[in-house]
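Only one structure is covered here, and it is reproduced in the block below.
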Amino acid sequence: MTAYPRRLLAIFAVSAALFMAPPGPVLAKDSEPSDASAHVLQAEIALHAMDYLKAAHEYRLAAELSESVEIARQATRIGASYGFNDDALRSAERWLELEEDSDEALFHLARLQLRMGDTRKAERSYEKLLERGDGKVDDRLLSLTAVLSEEEDTKAAYKVMKSLAKPYRDSPAALYATAALAVQAGEVEDAKAFTQEALDLDPSEWLQMKAQLLYGRILLMEGDQDAAIDYVARIIGDDPMPDPSTRMELALLMLSAGRDDDALSQVNQIQYESGNNADALRLMAIINFRQENLDAAWQDFQDLLGSGKHTMDALYYLARISDYRQETDQAISLYSQVTSGTHAVNAQRRAAALVALDKEAPDTALKKLDEFARQHPQFAIDTVQSKAQLLAALERYPEALGYYDQMIEYRPESEGVSLGRAELLLRMGELEQSIEQYRHAVKHWPDSPLSLNALGYTLADRTDNYREAEKLIRKAIKLDPENPAIIDSLGWVLFKLGRHAEALVELERAYARFDDPEVAAHIVEVLVAMGRDDEALAMLATAEEKSPESPLLENVRERLFSAAE
């Protein structure tokens, strides 16, 4: 990153930081129209009450009525921080009207246009932003790659980069930038072609290495693990002093291929060649954790914490080890310190769940989540869902449903939220409402194996609408043929249809992929229906040994075998 233009990097770094920083209050000036001042006041009241959507609405209305750049800036930051992109986009447009030369406003506008699906406008805005940067266009495109790689809609981000880089097809940097976004979007053929073009143009030594490592990753994506590993290994073999990042890439490829010991060997070699390398230490710790060498992993993560690098990863995994060892107070303390990065929401959710294990402390757990949301607004909406899940686990269903309804309002386009609400309704015994919610999900995401399977399994398990259930599940399995949960659903609906032999084949296929008590319970049911009680009992005993507290297995034993026993 040090080679990238400082001005462009400053724009991106400042803007990214603002997406994560808790927005502070803005006081309307006496000269502001009274309506604008009233909306600012309502917005701040809403923020205090953790009514994030109303806060975004009110700030946007204030921005539209005001001539204040500061109010427009705050309205944009509030909307963007909490993920209300429509309000944030309109506020950013107003901000840019009031401050045409603001790089930060233009950056927000470009990012929000992309997130709202308007790739053409996003392309034009990013193009203007690139034109404002200093230095070579190659460097500016490479720095933009880092920004676009953060987008959830990877295909849209790739489309934007492809368009921006198109005038520079003779530039290895532009081709590499396009290839990198193509990899993220899963456009493997395009990625391979662009990477090969970049290498054919004889890029700089630094960029050539980047392109070669990307090519190795593309080979892995094509399914040829051995070719990917051999390709990167040859790069190392041809270099008398290989860069640590090259060995790291080889280690990661080996890890992806399940060759943990070989990956560990590469990490040890990095440490031998370059001393204390924090990236290598992190990977070593993760490998030890993955192999359940918890004492070694604990020491590695402690060393990583001491290095000051990858702090949030170190805290998270130390918390998981403490959690596994049932050192609850220590686990809570460590989880609570994970306040940024990809593990933050899961860590805070788990900390709250552990606090809630104390029957007298569930409200303390909820307050803990609220405090985290106030301090870290980029996670505030995720925290609402965490509260819904925690309350559902505590069987405080009406309160949980209230938070899920709030989530539906906040994130109407979230499939996970829709399915979570449906599952909660099912647990509440509201079968018709649950099925209605599942149907909504299937209508909204007709090609999602997740929604198709959820509705199909519910129909098979809770109703006699087996034909529709089978149709939905078979569509899901075409979209995701190796998913054990969907294979299990297919076996279950075949059982309900009386096709026991076919059902057993599918259920055993699911169990081979996913050793889960629910799948085991289904197999036991089918074996009993086929008159193979001895096999069913043996299967049940094995499953109970693995999952002794499973209510599903307990239910199966009580229903099918208690009289005989």
* Dividing the alpha-carbon radius of gyration of the stretch 482-565 by 2.2 N^0.38 Å (N being the number of residues), what value is obtained? -> 1.00
* Structure fact -> Spelling it out for D118: with amide H atoms placed in the peptide plane at 1.01 Å from N, the residues 5 or more places away or on another chain with amide H under 5 Å from its amide H are none
* Asked: Per residue and in Å³, how big is the convex hull formed by the alpha-carbon atoms of the stretch 200-324?
  -> 118
* Structure fact -> Given a 1.4 Å probe, the accessible area of the stretch 182-302 per residue, as a whole number of Å², is 51
* **Prolate/oblate/rounded call for the stretch 373-441, Cα gyration tensor, a/c under 1.5 rounded** => oblate
* **Apportionment of accessible area to carbon and sulfur, the chain, percent (1.4 Å)** => 48
* **Protein-only accessible surface order, largest first, of I477, I78 at 1.4 Å** => I477, I78
* To do: Work out, in µm²/s and without decimals, the Stokes-Einstein translational diffusion coefficient of the chain at 37 °C, 0.692 mPa s, Rh from Kirkwood over C-alpha pairs.
  => 121
* Structure fact -> For the pair A278 and F561, the simple spin-label estimate (label points 7 Å beyond Cα toward Cβ) gives in nm 5.3
* **Principal axis dimensions, largest first and in whole angstrom, of the stretch 260-415 by Cα** => 57, 34, 26
* Taking the Cα centre of the stretch 160-254 as the origin and placing charges on Cβ (Lys, Arg +1; Asp, Glu -1), which of P242, I229, L164 is farthest toward the positive end of the dipole? -> L164
* To do: Order the following by accessible area, largest value first: F514, F289. Probe radius 1.4 Å; ligands, DNA and RNA are ignored.
  => F514, F289
* If you place +1 on the Cβ of every Lys and Arg and -1 on the Cβ of every Asp and Glu, how big does the dipole about the Cα centre of the chain come out, in debye to the nearest 20? -> 860
* Quick one: accessible surface of D87, probe radius 1.4 Å, all protein chains present, in square angstrom to the nearest 10. => 10
* Nearby lysines by direct alpha-carbon distance to K546 (threshold 27 angstrom, same-chain neighbours under 8 apart not counted) -> K496
* Among rounded, prolate and oblate, which fits the stretch 38-111 when a ≥ b ≥ c are the square roots of the eigenvalues of its C-alpha gyration tensor, a/c under 1.5 means rounded, and a/b larger than b/c means prolate? -> oblate
* With the other protein chains left in place, how much accessible area per residue, in square angstrom, belongs to the stretch 343-416 at a 1.4 angstrom probe? -> 47
* How big is the accessible area of K155 in square angstrom, nearest 10, if you roll a 1.4 angstrom probe over the protein chains? -> 110
* Dipole of the chain [Lys/Arg +1, Asp/Glu -1 at C-beta], most positive-end residue of S265, Y316, A344 -> A344
* State the volume of the convex hull built on the alpha-carbon positions of the stretch 345-407, expressed per residue in Å³ and rounded to an integer. => 65
* To do: Please report the Cα spread of the stretch 75-171 along all three principal axes, rounded to whole Å, starting with the longest.
  => 41, 28, 19
* **Probe 1.4 Å - accessible area at K367, Å² to nearest ten** => 140
* Asked: Among I477, L366, L47, which residue has its Cα positioned farthest towards the positive end of the charge dipole of the chain, with +1 placed on the Cβ of Lys and Arg, -1 on the Cβ of Asp and Glu, and the dipole taken about the Cα centre?
  -> L47
* Asked: How much length, in nm to one decimal, is gained on full extension between R499 and M116, taken as 0.36 nm per residue of separation minus their Cα-Cα distance?
  -> 133.2 nm
* To do: Please work out the Kirkwood hydrodynamic radius for the stretch 107-257, using every pair of different C-alpha atoms, and report it in angstroms with one decimal place.
  => 15.9
* Asked: Under the rule of -39500 (n - 2.57) per DSSP H run of 4 or more residues, summed and divided by the residues of the chain, what mean residue ellipticity at 222 nm is obtained, to the nearest 500 deg cm²/dmol?
  -> -24500 deg cm²/dmol
* Structure fact -> Whole-Hz Karplus couplings 3J(HN,Hα) for the stretch 149-165, θ = phi - 60° and coefficients 6.51, -1.76, 1.60, Gly and Pro as x, run 5, 7, 6, 5, 7, 5, 5, 5, 4, 5, 4, 5, 5, 4, 5, 5, 8
* **Accessible-area ranking of T458, T364, largest first, probe 1.4 Å** => T364, T458
* Asked: Given K159/K443; K166/K192; K210/K309; K367/K387, which pairs have Cα atoms separated by over 18 Å?
  -> K159/K443; K210/K309
* Structure fact -> For the D239, K546 Cβ pair and Förster radius 56 Å, calculated FRET efficiency rounded to 0.05 is 0.75
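The values are calculated or read from the model by the stated rules, or taken from the named source; none is laboratory data. It should be emphasised that the depicted structure is a prediction, and the values quoted were computed from it without experimental measurement. Virtual Cβ from ideal backbone geometry, glycine too; neighbours counted across all protein chains shown. Accessible surface is based on the protein model in full, side chains and every heavy atom, while ligands, DNA and RNA are left aside. Shrake-Rupley method; radii C 1.70, N 1.55, O 1.52, S 1.80 Å.
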